[in-house]
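What follows is a set of notes on a single structure, which appears directly below.
The values are calculated or read from the model by the stated rules, or taken from the named source; none is laboratory data. Note that this is a predicted model, so its numbers are computed, not measured. Ideal geometry is used to build each Cβ from the backbone, glycine not excepted, and the neighbour counts take in all protein chains shown.
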């Protein structure tokens with residue numbers, strides 16, 4: 001059995017990773033090095049992560065079902081969802097780029113939501129198996145989160161690059177804000193989640 | 001890269017008190033395992049034996065490299081954001097745009113939330129991150145320990161994952177692949193400046209040795 005910092009009465013500063021005493025007479029409320037508030041674990045971690053994951057799950061549906069992009073060609077508007085855009089690439093034969101967008105826009109948010117829910121459930125039900133793998137899974141979730149913004153950047157770029165006034169224009173459509181909402185909620189869920197809770201359970 | 005693991009946590013019981021020297025121990029940020037603080041040479045990496053998290057990875061010449069790369073990024077920044085990145089030519093019509101226009105036109109089209117998020121993640125946060133790294137590494141280089149240095153470092157740590165230049169770069173590539181059937185694409189100077197900016201921004205954050213920076217700030221006589 002190995003000792004944790006918590007068991008030894010020590011807390012790691014969230015911001016600068018300095019070890020400071022957090023129990024007994026010498027306990028500190030803020031980090032002497034960077035001034036951040038000291039907590040043994042991130043405060044309200046489980047509640048906040050649950051709220052943000054569920055918000056992301058709710059936003060995931062309008063983000064994928066509503067159209068995300070409006071292509072106006074010679075006065076005839078054409079709305080397309082994320083999936084339409086991916087199918088277009090596969091029909092064109094651009095399998096590589098289709099796979100990149102499929103991964104970044106659909107698989108990554110879905111993977112993040114499912115894995116965060118599994119990790120949170122495993123804390124609630126105290127599943128003490130696969131701890132190392134769950135921690136690695138969480139690090140993967142932290143890393144891939146930002147890449148989902150890809151589709152939004154592409155739409156903003158297409159909007160400015162394909163702007164031939166009377167012939168063809170491209171603009172964002174109603175799903176775009178929901179999609180950004182999914183990305184932001186899952187990123188914040190990963191930020192507020194404290195992986196040490198897995199090991200405490 | 002050689003990965004050295006410290007196994008003291010598995011073999012010895014550490015005392016259950018707060019009495020031991022805080023410089024002699026470190027804790028894993030991901031699993032809270034308490035470990036002996038062993039020195040790590042540059043080019044080596046200390047990993048947590050329990051969860052595999054990288055605990056220490058000293059960088060060579062960290063301050064100078066961070067300073068040089070963040071300065072390079074700052075010099076390229078205005079050109080990357082305000083110069084046209086490419087020109088599209090179709091049916092005799094020409095159209096070019098830069099990154100700032102991308103944000104501005106999204107705002108005009110009514111999707112203001114999207115415009116704000118794109119502006120923050122691809123224009124504002126990358127600039128603030130470069131400025132913070134530049135200021136911190138410049139102060140450390142010339143040993144000016146200003147007493148707000150810790151706030152600059154904390155701001156950088158919190159902003160770190162919200163600057164998304166590399167995702168934006170992938171967005172530019174996807175846009176090019178999407179359009180190259182329909183229009184002739186001419187690549188402008190802004191694109192090359194953006195690639196340079198991305199390289200400098202990534203390089204500066206990789207080169208920054210957070211542990212070394214924090215140690216210097218702490219020992220530089222920061223007062224509270």
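Taking residue A:130 as the residue in question, decide whether it is over 24 Å from residue A:51 (Cβ atoms) and surrounded by fewer than 21 Cβ atoms within 10 Å (Cβ to Cβ). Break it down stepwise before answering.
On the way: over 24 Å from residue A:51 (Cβ atoms): yes; surrounded by fewer than 21 Cβ atoms within 10 Å (Cβ to Cβ): yes.
Against the criterion (over 24 Å from residue A:51 (Cβ atoms) and surrounded by fewer than 21 Cβ atoms within 10 Å (Cβ to Cβ)), residue A:130 qualifies.
Every residue in region B:181-209 that is modelled with pLDDT under 90 and crowded, with 19+ Cβ neighbours inside 10 Å, please.
Residue satisfying the conditions is B:183 alone.
Which one is surrounded by the most Cβ atoms within 10 Å (Cβ to Cβ) among residues in region A:85-94 that are assigned to a helix (DSSP H, G or I) and within 11 Å of another protein chain (Cβ to nearest Cβ)?
A:85
What are the pairs, 6+ residues apart or on separate chains, where a residue within region B:157-176 that is farther than 20 Å from residue A:191 by Cα has its Cβ under 8 Å from a residue that is in a loop (DSSP other than H, G, I, E, B)?
As it stands, the answer is B:172/B:85, since those pairs meet every condition given.
How about region B:20-31: which of its residues are within 18 Å of residue A:15 (Cβ to Cβ) and part of a loop (DSSP other than H, G, I, E, B)? Break it down stepwise before answering.
Our first condition is that a residue be within 18 Å of residue A:15 (Cβ to Cβ); within region B:20-31, this holds for B:22, B:26-30.
If the condition is that a residue be within 18 Å of residue A:15 (Cβ to Cβ) and part of a loop (DSSP other than H, G, I, E, B), then B:22, B:28, B:29, B:30 are the ones that fit.
Mind checking which residues of region B:135-153 are surrounded by 19 or more Cβ atoms within 10 Å (Cβ to Cβ) and more than 20 Å from residue B:74 (Cα to Cα)?
Correct list: B:150 only.
Would a scan of region B:159-180 turn up a residue that is out of contact with any helix residue (DSSP H, G or I) (no Cβ under 8 Å at 6 or more places or on another chain), within 24 Å of residue A:94 (Cβ to Cβ), more than 8 Å from chain A (Cβ to nearest Cβ) and modelled with pLDDT under 90?
Yes; the residues of region B:159-180 include at least one that is out of contact with any helix residue (DSSP H, G or I) (no Cβ under 8 Å at 6 or more places or on another chain), within 24 Å of residue A:94 (Cβ to Cβ), more than 8 Å from chain A (Cβ to nearest Cβ) and modelled with pLDDT under 90.
Do any strands (runs of 3 or more DSSP E) lying entirely in region A:3-84 carry at least 3 residues that are more than 11 Å from chain B (Cβ to nearest Cβ) and surrounded by fewer than 17 Cβ atoms within 10 Å (Cβ to Cβ), and which ones are they?
Where strands (runs of 3 or more DSSP E) fall fully within region A:3-84 and carry at least 3 residues being more than 11 Å from chain B (Cβ to nearest Cβ) and surrounded by fewer than 17 Cβ atoms within 10 Å (Cβ to Cβ), they are A:76-80.
Condition check: closer than 30 Å to residue B:85 by Cα, touching a strand residue (DSSP E or B) at 6+ places or on another chain (Cβ under 9 Å) and surrounded by fewer than 18 Cβ atoms within 10 Å (Cβ to Cβ). Does residue A:97 satisfy that?
No: the conditions fail for residue A:97.
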